[in-house]
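Asker: If you scroll down you'll find the structure; I have some questions about it.
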Amino acid sequence: SGLLRPGGRIAFAQSAFLPDMVFAWDSRLERLTNEAVRRYYRDRYSLEERDLADIRAIVGLLRSAGLSRVTARTFVIERVLPLRPEDEDYLLEAIFQKTWGARLKPYLAPADYEELSRLCDPQHPEFALRRPDFHFLQTFTLVVGEV
């Protein structure tokens, strides 16, 4: 009565194995923001950076669990202006508000947090999703193994 019968497949997915690109015009702020997100989650779950190795090693995890025909495929999600309304909604809500937002304030220098806040605020003239040079890249990796 296992979850999968012989020949069944299980899939795991993870985003951001490669760094996302959100602020193509400011790699420094983008790097600091990504580091702040990682520190936030490590603190939230009381983890050290080494504790997160299994997240990056899904292929090895499935192989060590005895699965066969393990495959991995990474997809690139890319958006430039003009954005579709659903893409803008996703970036604003999922990235700017829920992944970043006020939770990053303790992890950024005040000037960097203020700059990030301006770029993420649709009411601000510097809002990132209105910049003509906005270019978003995100990766999504799907790993599948067979029982």
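Asker: Hey, can you tell me all the residues within the stretch 1-16 that are open to solvent by 90 Å² or more (accessible area, probe 1.4 Å) and either outside any loop (DSSP other than H, G, I, E, B) or touching a Leu at 6+ places or on another chain (Cβ under 7 Å) (or both)? Even if it seems obvious, please write down each step before you answer.
Answerer: Quick first cut of the stretch 1-16, residues open to solvent by 90 Å² or more (accessible area, probe 1.4 Å) only: 1, 3, 5-6, 9.
9, the sole residue that qualifies.
Asker: Tell me, yes or no, whether the stretch 72-80 has at least one residue that is out of contact with any Phe, Trp or Tyr (no Cβ under 9 Å at 6 or more places or on another chain) and either in contact (Cβ under 8 Å) with a residue 60 or more places away in the chain or not in a loop (DSSP other than H, G, I, E, B) (or both).
Answerer: Start the filter on the stretch 72-80 by keeping residues that are out of contact with any Phe, Trp or Tyr (no Cβ under 9 Å at 6 or more places or on another chain), which leaves 72-73.
Next, from what is left, pick out any that are either in contact (Cβ under 8 Å) with a residue 60 or more places away in the chain or not in a loop (DSSP other than H, G, I, E, B) (or both): 72-73.
Taking every residue of the stretch 72-80 in turn, at least one turns out to be out of contact with any Phe, Trp or Tyr (no Cβ under 9 Å at 6 or more places or on another chain) and either in contact (Cβ under 8 Å) with a residue 60 or more places away in the chain or not in a loop (DSSP other than H, G, I, E, B) (or both).
Asker: Among the candidates 126, 49, 30, 114, single out the residue that is closer than 18 Å to residue 18 by Cβ, without any contact (Cβ under 8 Å) to a residue 12 or more places away in the chain and out of contact with any Phe, Trp or Tyr (no Cβ under 9 Å at 6 or more places or on another chain).
Answerer: So the residue among 126, 49, 30, 114 that is closer than 18 Å to residue 18 by Cβ, without any contact (Cβ under 8 Å) to a residue 12 or more places away in the chain and out of contact with any Phe, Trp or Tyr (no Cβ under 9 Å at 6 or more places or on another chain) is 49.
Asker: Just one of 46, 117 is farther than 22 Å from residue 141 by Cα and in a loop (DSSP other than H, G, I, E, B); which is it?
Answerer: 46
Asker: Considering every residue within the stretch 86-101, establish whether at least one is exposed (fewer than 11 other Cβ atoms within 10 Å of the Cβ), at pLDDT 95 or above, of a type outside the set (S, T, N, Q) and over 17 Å from residue 19 (Cα atoms).
Answerer: For the stretch 86-101, residues exposed (fewer than 11 other Cβ atoms within 10 Å of the Cβ), at pLDDT 95 or above, of a type outside the set (S, T, N, Q) and over 17 Å from residue 19 (Cα atoms): present.
Asker: Restricting attention to the stretch 17-29, which residues are part of a helix (DSSP H, G or I) and either hydroxyl-bearing (Ser, Thr, Tyr) or open to solvent by 30 Å² or more (accessible area, probe 1.4 Å) (or both)?
Answerer: Taking the stretch 17-29 and keeping what is part of a helix (DSSP H, G or I), we get 27-29.
Answer for the stretch 17-29, where residues must be part of a helix (DSSP H, G or I) and either hydroxyl-bearing (Ser, Thr, Tyr) or open to solvent by 30 Å² or more (accessible area, probe 1.4 Å) (or both): 27, 28.
The values are calculated or read from the model by the stated rules, or taken from the named source; none is laboratory data. Treat the numbers as computed from the prediction; the structure is a model and nothing was measured. All Cβ positions, glycine included, derive from the backbone under ideal geometry; neighbour counts span all protein chains shown. For accessibility, only protein heavy atoms count, side chains too; no ligands or nucleic acids. Shrake-Rupley method; radii C 1.70, N 1.55, O 1.52, S 1.80 Å.
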